[in-house]
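Below is one structure, written out as C-alpha cells, with a few remarks after it.
The values are calculated or read from the model by the stated rules, or taken from the named source; none is laboratory data. Quick caveat: nothing in here was measured; it's all calculated off a predicted structure. Using ideal geometry, Cβ is built from the backbone for each residue, glycine included, and neighbour counts are taken over all protein chains shown. Side chains are part of the model used for accessible areas, which takes the heavy atoms of the whole protein and leaves out ligands, DNA and RNA. Shrake-Rupley method; radii C 1.70, N 1.55, O 1.52, S 1.80 Å.
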Amino acid sequence: MTLNVSKLVMPLMIIWLCTLPLPAQAKQLQFDKSANQGGYTFSYQWLDINEQPLSFSFFIDNQSLFSRFRSFRAFKPEIAQVAIQRNIRKKIKAEPIEGVQAQFARNGQQVKLTSADPDRLSEAQQTITLWEDEYFEEYLHRNYYKKFLTHEYFSGIKPDHVRIALSSVDIFKPFKNSIIELVSIKDVRKVTNFILGFIQSIPYSTLESRVDSSGAGFSVPTKVLWENQGDCDSKMALTASMMRAVMPRIDLVFIYLDGHAILGVGIEPKNNDKYISVNGNVYVLADPTGPRLMNLGDVGFDTEQAINGNLYTTEIFEKVGN
C-alpha cells in the first residue's frame, strides 16, 4: 500500500494573504528592544488616531520569546509524510497485522503490504489508512496547524491561530495594569482602541505568500513583537492574546475573508459600528492590521463589502479560565 500525502493534505490552499489597506496613517515613532535579566524589554512610541503621542514598554522572558512555539514552522507535506510513516512503522512493529507482511522503505516512503489473503490485505489497508489520518491529525496539532474550509468550501491547512493565541495569553497578563493605567479607565472600547492603535502602528508586512509558503508568512504573537512587523493574521492573533489577557471575560471571534483577517469583539454596537452575528451573538468588528488607524467598529471598504456579502468564515476564540 502507498500513502498519498496529497490525498491527506490537498488541495493545499494556505490562504489569508493580506492586501495593503488605504494609504498609511499609522506612525510608529520609536521601537527598541534590549536584553534585560533573562529576557527583553520592548519599548514603543506611536501616534494614536487623534495624532497624540503614546508610549508603551514591557518585559518578556526568553522562554516565552524563543521556546514557547519552537515546533511551529512552515507546513511541508513531505516532512509530514516522513513523520506519519515513522509512526506507522512503530505501530506495525508493536502490533503486527496477522497474516499480512509489511515492507518499509527508507526516507519516509510508504509501507508496502502483502498477503496471500486478499480480504485480509484489504482490511489491513483500511486500518493503515485510519492510522494515517490519526497520525496526520496528531502532526498538525503538535505543530500548531489545522484543517480548514474557506467560505467557498475549499479545503486546506493553515496555522491554528486560535490555539496559538490562547497559548500566548499568559505572556501578556502582566501588561494588564500598565494598559489600564495608560488608558486611565476600565472601559472595553477605550482599552480595545488602545490595543488596536498600538498593533496597527507596528509595520505591516506581507512576509511570504500564504498560497506558496504554507504558513511561512505567519508569525506567532511574540515574533511580531520581536521583528516589529506582521501581516493581518499575525496581528489578529497578537491582538486577541493581548485583549484576552487584559479583559479575560471579553468574547472574541476570528474572522477570515479572502486576503484578510480581522477580529469580532463581543460588545454592544453603537452608532455606525460594523458588526456580525455568530450563533446568535453580536460581535463588533475590529481590524488590527494597519497601517490605517481604525477604532473598534470601523473597517475598510473592501472588508465591509465582504462582510455584507457573507464572504467570510469564523472561529470562536474560546475562554480558558480567568
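For region 80-126, a residue qualifies if it is among the acidic types (Asp, Glu) and either assigned to a loop (DSSP other than H, G, I, E, B) or farther than 30 Å from GLY156 by Cα (or both), and the qualifying residues are GLU95, GLU98, ASP117, ASP119. Reported count of residues in region 245-282, each being open to solvent by 10 Å² or more (accessible area, probe 1.4 Å) and under 15 Å from the mean Cα position of the chain (by Cα), is 2. In region 143-159, the residues that are touching a residue at least 24 places away in the same chain (Cβ under 8 Å) and within 20 Å of GLY309 (Cα to Cα) form Cβ pairs under 6 Å with partners that are of a type outside the set (Gly, Ala, Ser) and open to solvent by 20 Å² or more (accessible area, probe 1.4 Å), at six or more places apart or across chains, as follows: HIS151/LEU311; HIS151/TYR312; HIS151/THR313; PHE154/MET13. Would you mind stating whether VAL191 is within 23 Å of GLY230 (Cβ to Cβ) and at pLDDT 95 or above? In short, yes.
Taken as a whole, the condition of being touching a Gly at 6+ places or on another chain (Cβ under 6 Å), within 21 Å of ILE49 (Cβ to Cβ) and modelled with pLDDT of 95 or more does not apply to ASP287.
Residues of region 283-300 that are under 15 Å from TYR204 (Cα atoms), crowded, with 22+ Cβ neighbours inside 10 Å and out of contact with any helix residue (DSSP H, G or I) (no Cβ under 6 Å at 6 or more places or on another chain): ASP287, MET294. The residues listed here are ARG106, ARG120, ARG70, ARG89; of these, the one that is over 30 Å from GLY217 (Cβ atoms), loosely packed, with under 11 Cβ neighbours inside 10 Å and among the basic types (Lys, Arg) is ARG106.
For region 127-183, filtered to residues that are of a type in the set (Asp, Glu) and either touching a Cys at 6+ places or on another chain (Cβ under 8 Å) or part of a loop (DSSP other than H, G, I, E, B) (or both), the residue that is surrounded by the most Cβ atoms within 10 Å (Cβ to Cβ) is ASP160. Condition check for ILE79 on (1) surrounded by fewer than 16 Cβ atoms within 10 Å (Cβ to Cβ); (2) within 31 Å of the chain's Cα centre (by Cα); (3) over 30 Å from LEU196 (Cα atoms); (4) touching a residue at least 24 places away in the same chain (Cβ under 8 Å): one failure, at (4).
Of the residues making up region 184-203, those that are open to solvent by less than 30 Å² (accessible area, probe 1.4 Å) and polar (S, T, N, Q) are THR192, GLN200, SER201.
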